[in-house]
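Okay, so here's the structure we're looking at.
Values quoted throughout were computed directly from the atomic coordinates according to the rules given, and no laboratory measurement underlies them. Remember, it's a predicted structure, so these values are computed and weren't measured experimentally. Glycine also receives a Cβ, built like all others from the backbone with ideal geometry; neighbour counts cover every protein chain displayed.
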Amino acid sequence: MNLLYSFILSVITQISILSTLTHIILFLFICSFLFVCVVLLIRLKDLRFNKKVEDFTQYWAPVFFNYIGSDKDPNEFTDRIPKKNASIFLLFLKKYIHSLSGKELQSLLNIINNTWIFDYLLSDLKSRSIERRLRAIYYFGIAKNQIIKPILISFLTIRNLQIFFQSARSLARMNALETTERILAGARLQKKISQEILVSILLEFNQEVCEYLIKRIYVENEKFKTAIIKVFRNFNYQDASPILRKIIDQAKDKLLIIECIKFAGQIESLNALDNIKTYLQHPDPDIRSEAVKSVKQIGGDTESLEISVNLYDNSWQVQIDAAEALVNLKPVGISILKLVAVSQSEPRAASIAQMVLSELSLESGQNV
C-alpha cells in the first residue's frame, strides 16, 4: 500500500513539474512574441516617418531653394506648408543650417524668426516635453533670436543638464556676454556637468568672453578654473599671462596645473617661467613632462642645464621630452646631448640622447 502511494505521489510531482515548465515556456514565448511585435511596430513607424520626410523633401526642396538667398518674404514660402508638417519642416531646415552661409543662411534664419515657425517653437518652449523644449532652444539659438533670451536665461537655473546645456549654448551662440556669470552659476547647479561640456559652451562665444572669464577665474573652483584656462588656450588669450603665476602657485588639482603649464608654454609667458621650472622635479611624471615642454617653448639656452637634469628622470617619457627639448635649445642643448650620448654611467639616458641625435641627423641630412 505504501509503495502504491509513493508511486502515485511521484507521478503527481512529475506532472506538476512538467506543468510548471510548460507554463514557463509558454510565458517566455508570449514575451518574445510581444517583444518582436513592439520592435516591428517601432520599425514600421520609423519607416513611415522617413517616407514622409522623403516625400516632403522631394516636393518642397525646389520651392525652398527658389526662396533661399532672395529678398522674398519668408511667409510667402512657409504659408504654403501645412502646420501639421512642422516637425518634418524643422528637420528639413536642420539639414541646411550648417551648410549655408551669408545671405542664404540669413534667409533660412528668417523662416525661424519671422514666420509661424516662431510661434510653433515658442509653444514648444512651454511644453512639458523635454524633447520639444530642447528642439525649440536649439533652433532659437541657431537663429540668435534676442526676443527669447530672457526665457533661455531663466532655463539656466533648471536642474536638468540637457536643458541647461542647450540654453547656455544658445545664449553663447548669440554672444550674450552679459550672461557669462549666470552660465557659470547655472553650471554649478548641475551635479553631472563635465569640464568638457562647460568648455564646449564657453567656446560658442567669441573671444571677448575671455575678458569676462578673467574676472571670474579667482572665485571659481579648480574644475571651472581648468575649463577657463582651456578656453584661454583655444583663443590664445595673451592678456591672461599676468594671472598665470598666481593660478599656478595656488593650483592643487593635477589637470589645472597641466593646463596652466601648457597655456604658459603656448603664449610663451616669461612671467610664469620661474613658476613652471619648479614643476620640473614634481612627483607626478605627467606634470614633469609638460613642464619640460613648456620651459622649452618659453626659455632659451639658459634653460638647457635645468632641463638636462630630466634626462636622468625615472620616467621614460620625461627623458624623451627632455632630450627633444634640448634639441630645440641650440647650441647648448645639442652639446649636452652629445656628452650624455657617450656617458657610460647612465645607459638609458645615453641611448635616448643617441636616438634623438640620430633623428636630428636624418632630418638635417648631416652629422650632428
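Mind giving me the nanometre distance, one decimal, between the label points for Asn328 and Gln238, set 7 Å out from Cα along Cα→Cβ?
In this crude spin-label approximation the distance works out to 1.9 nm.
How much net charge surrounds Leu125 when only the other residues with a Cβ under 13 Å from the Cβ of Leu125 are counted, with Lys and Arg +1 and Asp and Glu -1? Working shown, then result.
On the way: positive: Lys126, Arg128, Arg132, Arg133, Arg135, Lys149; negative: Asp119, Asp124, Glu131.
So the environment of Leu125 carries a net charge of +3.
Can you bin the stretch 41-114 into rounded, prolate or oblate? Criterion: square roots of the alpha carbon gyration tensor eigenvalues sorted a ≥ b ≥ c, rounded for a/c under 1.5, prolate for a/b above b/c, oblate for the rest. Show your work: numbers first, answer last.
Details: a/c = 2.40, a/b = 1.92, b/c = 1.25.
Because a/c hits 1.5 or more and a/b exceeds b/c, the stretch 41-114 counts as prolate.
At a Förster radius of 45 Å, what calculated FRET efficiency corresponds to the Cβ-Cβ distance of Glu208 and Val36, to the nearest 0.05? Before the final figure, lay out each step's value.
Details: r = 56 Å, r/R0 = 1.25.
Working from the Cβ atoms, E equals 0.20.
Using the structure shown, list the pairs from Lys95/Lys191; Lys215/Lys296; Lys254/Lys338; Lys191/Lys293; Lys191/Lys225 with a Cα-Cα distance above 24 Å, or answer none.
Details: Lys95/Lys191 33 Å; Lys215/Lys296 30 Å; Lys254/Lys338 34 Å; Lys191/Lys293 34 Å; Lys191/Lys225 17 Å.
Result: Lys95/Lys191; Lys215/Lys296; Lys254/Lys338; Lys191/Lys293 exceed 24 Å.
Quick check on the stretch 65-149: take the gyration tensor over C-alpha atoms, sort the square-rooted eigenvalues as a ≥ b ≥ c, and tell me if it's rounded (a/c under 1.5), prolate or oblate.
On the way: a/c = 1.77, a/b = 1.45, b/c = 1.22.
Taking the square roots of the gyration eigenvalues as a ≥ b ≥ c, the stretch 65-149 is prolate.
Which of the chymotrypsin sites (Phe, Trp or Tyr not before Pro) found in the stretch 195-233 are in a DSSP loop and have at most 15 neighbouring Cβ atoms, other than their own, within 10 Å?
Values: sites: Phe205, Tyr212, Tyr218, Phe224, Phe232; in loops: Phe205, Tyr218.
Of the chymotrypsin sites (Phe, Trp or Tyr not before Pro), the ones in loops of the stretch 195-233 whose Cβ has at most 15 other Cβ atoms within 10 Å are Tyr218.
Return an integer: the convex hull volume of the alpha-carbon atoms of the stretch 274-368, in Å³ per residue.
Numbers: hull volume 8.0 nm³, N = 95.
Dividing the Cα hull volume of the stretch 274-368 by its residues yields 84 Å³.
Based on the mean of other Cβ atoms within 10 Å per residue, sort peptides 175-186, 121-132 so the most packed one is first.
Details: 175-186: 17.9, 121-132: 13.5.
Going from most to least packed, we get 175-186, 121-132.
Let me spell out the model: positive unit charges on the Cβ of Lys and Arg, negative unit charges on the Cβ of Asp and Glu, origin at the Cα centre of the stretch 108-216. What dipole size does that give, in debye rounded to 20? All intermediate terms of the calculation are to be shown ahead of the outcome.
Numbers: 16 positive and 9 negative charges, 90 e Å.
It works out to roughly 440 debye.
Given Cβ point charges of +1 (Lys, Arg) and -1 (Asp, Glu) and nothing else, what value in debye, to the nearest 20, does the dipole of the chain about its Cα centre take? Working shown, then result.
Values: 44 positive and 37 negative charges, 368 e Å.
Dipole about the Cα centre, nearest 20: 1760 debye.
What ranking do 272-282, 340-350 get when scored by the average of other Cβ atoms within 10 Å per residue, highest first? Walk me through the intermediate numbers first.
Numbers: 272-282: 18.4, 340-350: 14.0.
Top to bottom by mean Cβ count within 10 Å: 272-282, 340-350.
If r is the Cβ-Cβ distance from Asn75 to Ile97 and R0 is 22 Å, what FRET efficiency results, to the nearest 0.05? Mind dumping the intermediate values first?
Details: r = 20 Å, r/R0 = 0.89.
Plugging the Cβ-Cβ distance into 1/(1 + (r/R0)^6) gives 0.65.
Given a Förster radius of 56 Å and the C-beta distance between Ser129 and Glu306 as r, what FRET efficiency does 1/(1 + (r/R0)^6) yield to the nearest 0.05?
Values: r = 60 Å, r/R0 = 1.08.
Working from the Cβ atoms, E equals 0.40.
Divide the volume of the convex hull of the Cα atoms of the chain by its number of residues and quote the answer in cubic angstrom per residue. Mind dumping the intermediate values first?
Working: hull volume 118.8 nm³, N = 368.
Dividing the Cα hull volume of the chain by its residue count gives 323 Å³.
Please identify the helices of the chain, taking whole runs of DSSP H, that span at least 27 Å along their own axis as judged from the Cα atoms and have a mean Kyte-Doolittle score of 1.6 or higher. Walk me through the intermediate numbers first.
Working: long enough: 2-67 (96 Å, 1.12).
Answer set is empty.
Would you compute, from DSSP H runs of 4+ residues alone, the mean residue ellipticity of the chain at 222 nm, taking -39500 (n - 2.57) per run and dividing by the full residue count, rounded to the nearest 500?
On the way: 20 runs with 267 residues, N = 368.
Computed ellipticity for the chain at 222 nm equals -23000 deg cm²/dmol.
Apply the a/c threshold of 1.5 to the C-alpha gyration tensor of the stretch 147-239 and tell me whether it is rounded, prolate or oblate. Intermediate results must be reported in sequence, preceding the final value.
Details: a/c = 1.85, a/b = 1.31, b/c = 1.41.
Oblate, because a/c is 1.5 or more while a/b does not exceed b/c.
Would you mind giving the average projected area, over all directions, of the Cα convex hull of the stretch 198-353 in nm² with one decimal?
Details: hull surface 36.1 nm².
So the Cα hull casts an average projection of 9.0 nm².
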